[in-house]
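The values are calculated or read from the model by the stated rules, or taken from the named source; none is laboratory data. Treat the numbers as computed from the prediction; the structure is a model and nothing was measured. Cβ placement follows ideal geometry from the backbone for every residue including glycine, while neighbour counts extend to all protein chains displayed. Just so you know, the surface numbers come from the protein's heavy atoms only, side chains and all, with ligands and any DNA or RNA stripped out. Shrake-Rupley method; radii C 1.70, N 1.55, O 1.52, S 1.80 Å.
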Amino acid sequence: MSETSSIIPVNLVNKTEVECLIREFKVLLGEPGMGRAVNGLDRVKFRSILHNIFGMTDDMILDGVFRTFDKDNDSFVSMKEWIEGLSVFLRGTLDEKIKYCFHVYDLNNDNYISRDEMFHMLKNSLIRQPTEEDPDEGIKDLVEITLKKMDHDHDGRLSLADFEKAVREENLLLEAFGTCLPDMASIEAFEQCVFQKQL
């Protein structure tokens with residue numbers, strides 16, 4: 001059985017694309033050190049890839065993306081996790097992207113996005129303007145506005161159902177708490193580089 005047969009996500013068109021992603025994974029992984037096996041991409045290497053290839057810079061979001069790719073919580077993104085994650089990252093359906101973004105934003109993995117989590121992500125992603133006002137007050141106001149718009153069950157936090165309903169009503173809310181998906185230019189550049197050069 002080949003490496004690709006057990007890991008062809010629906011969003012990737014064919015086995016050749018999966019093979020290209022496997023080759024790219026091996027290139028990014030590099031050579032294992034003296035006598036030790038490498039389990040996958042560690043947090044530092046993965047964050048570097050997200051930064052250098054996809055232009056992502058927010059530390060909190062980068063950690064969330066890593067956590068979302070690393071499904072087995074072993075602190076490494078394995079080849080299978082890499083391919084499954086990129087399948088959503090590059091070509092995911094709206095349903096897949098909603099779940100993906102929700103999990104990135106659920107900083108403590110409790111299946112909710114709390115006021116506190118919203119506050120920290122928004123504080124991290126907003127550009128501060130020099131004013132006499134306390135910038136944290138403006139962010140707290142933004143959190144309250146966000147909850148009014150997205151918290152459909154009015155429990156003071158966002159469940160996946162709340163998040164999904166809000167995003168379906170207004171797609172722009174998908175990345176409301178920070179950019180965690182690549183833009184089209186980054187996707188096209190990555191696919192051109194990985195799929196075309198290796199075909």
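Would you please classify the overall shape of the range 72-176 from the alpha carbon gyration tensor, given that a ≥ b ≥ c denote the square roots of the eigenvalues, rounded means a/c under 1.5, and beyond that prolate means a/b larger than b/c while oblate covers the rest? Prolate is the answer for the range 72-176, as a/c is 1.5 or above and a/b outweighs b/c. Rolling a 1.4 Å probe over the protein heavy atoms leaves V38 with an accessible area of roughly 50 Å².
Placing unit charges on the Cβ atoms only, positive for Lys and Arg and negative for Asp and Glu, gives the range 15-196 a dipole magnitude near 740 debye about its Cα centre. Pairs of alpha carbons in the range 15-196 separated by more than 30 Å make up 25% of all such pairs.
Taking 7 Å steps out from each Cα toward its Cβ at R23 and N73 produces label points 3.7 nm apart.
Between I53 and Q196, full extension at 0.36 nm per residue minus the direct alpha carbon distance yields a gain of 49.9 nm. Spatial offset of the range 106-125 relative to the range 133-150 amounts to 13 Å, using the alpha carbon center of each. Model label sites at H154 and D141, defined 7 Å from Cα along the beta-carbon direction, differ in position by 2.4 nm. If a paramagnetic tag sat 7 Å from the Cα of L126 along the Cα-Cβ line, which residues of the range 50-68 would have the backbone N under 18 Å from that point? The answer is 58-61.
Each residue of the range 41-56 was assigned a 3J(HN,Hα) from its phi angle through the Karplus expression (A = 6.51, B = -1.76, C = 1.60, θ = phi - 60°), giving 7, 7, 4, 5, 5, 5, 4, 4, 4, 4, 6, 6, 8, 10, x, 7 Hz with x at Gly and Pro.
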